[in-house]
Amino acid sequence: MACHLSSTCLVFSILLLLLLSFSSLPCQAQLSSNFYDDTCPNALSTIRSAIRKAVSRERRMAASLIRLHFHDCFVQGCDGSILLDDTPSMTGEKFARNNNQSVRGFQVIDDAKAQVESICPGIVSCADIVAVAARDASVAVGGPSWRVKLGRRDSTSASRSLANANLPSFTDSLESLISLFDRKGLSARDMVVLSGSHTIGQARCLTFRGRIYNNASDIDAGFASTRRRKCPANNGDGNLAPLDLVTPNSFDNNYFKNLIQKKGLLQSDQVLFRGGSTDRIVNDYSRSSSVFSSDFASAMVKMGDIDPLTGSQGEIRRLCNVLR
Ligand code: HEM
């Protein structure tokens, strides 16, 4: 058929071009919330009961599991890399600057994985278990719920240097925090709402000592002096204080109200409300716990989408702390 510049011919050529360009895209599998419906229908209920038990044994574990998911996702994506032990040939993430003696919940994930393995061996990834555990942990302490997308596979490597480079620190400026999150595709608003998980959990004295002893104008004097009682200037590095001084055991928006009163525990908390670009976001969440809850849930889903391994990438580990 001769193809002159008729309109039919033009449409045909455009369609052909589109088809060619789509077929050259890499085939990236998507995560989906029903990923295990056929292969391991009881996976989610098994994980949920393991997490419920762990949180009823120790309420703080809910906070630790949410943070574990965050620290997994920010290093090579949500791929279970944080769970890998160091080996002679690989220096992993467990002892990275912001994880060492700080990040918790490994045993809970290992136990949940063992139970899931006993019903469907070799099917459910450790990375997915961490993601589901974070949601179940939030729900267990009255926090928001969300549909966890599934189908992540486990990494075959971990990296301490990537963890050091990608995990935020309690001394970071607002600009650094915004840029660290931006590198992961998360906005300043996502960063602020996710920091709202500091409504539960604890921090060690060494992470807030600098702030409570420097008599700066961005900290409430009474709050600083109360915190100094259990965090001496020269020792007690591991002494704990709640990140939310008002309601440390419930998932609510008091964290944001504290910031407005200059009662953020970490410097990286207070920078979110110190005259900068995120002040208005903190104001929003301090006024509405329902907006906080729903934005938190959406941001957790977005965080869980960071660079997953899918399809035939990576592996499904049998034990979360070692490669297959
Ligand atoms: C914005 C940057 C952030 C910084 C600089 C930061 C820093 C910290 C620090 C220093 C601690 C105390 C650790 C310790 O003393 O061992 C902590 C605890 C915690 N963080 Fe963050 N964090 C940030 C964002 C987040 C995000 C995005 C989440 C969750 C999505 C999160 C969840 C938690 C939780 C739940 C705890 C308490 C953990 C526990 O009690 O075991 N944080 N964070």
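The values are calculated or read from the model by the stated rules, or taken from the named source; none is laboratory data. All values derive from a computational prediction rather than experimental measurement. The protein model used for the area step is the full one, side chains on, heavy atoms only, and it has no ligands, DNA or RNA in it. Shrake-Rupley method; radii C 1.70, N 1.55, O 1.52, S 1.80 Å.
Just a few scattered comments:
- 5 angstrom amide H check on Ala203, placed H, neighbours 5+ away: Ala241, Leu243
- A 1.4 Å probe run over segment 105-223, with the rest of the protein chains in place, finds 36 Å² accessible per residue.
- Euclidean distance of C-alpha centroids, segment 25-85 and segment 252-284, integer Å: 29
- Area accessible to solvent at Leu194, 1.4 Å probe radius, in Å²: 20
- Bridging of Lys230 to lysines at a Cα separation below 26 Å is possible for Lys257, Lys262, Lys263, once same-chain residues fewer than 8 apart are set aside.
- When the Cα atoms of the chain are aligned to their principal axes, the ranges along those axes come out at 86, 51, 39 Å in descending order.
- The heavy atoms of Ile82 present about 0 square angstrom of accessible area, all protein chains included, probe 1.4 Å.
- Straight-line cross-link partners of Lys53 among the lysines, defined as a Cα under 28 Å from its Cα and at least 8 positions apart when in the same chain: Lys94, Lys113, Lys149, Lys302.
- As a fraction of the 1.4 Å probe accessible area of the chain, surface on carbon and sulfur atoms comes out at 54 percent.
- Each helix, a run of at least 4 DSSP H residues, gives -39500 (n - 2.57); summed and divided by the residues of the chain, these come to -14500 deg cm²/dmol at 222 nm.
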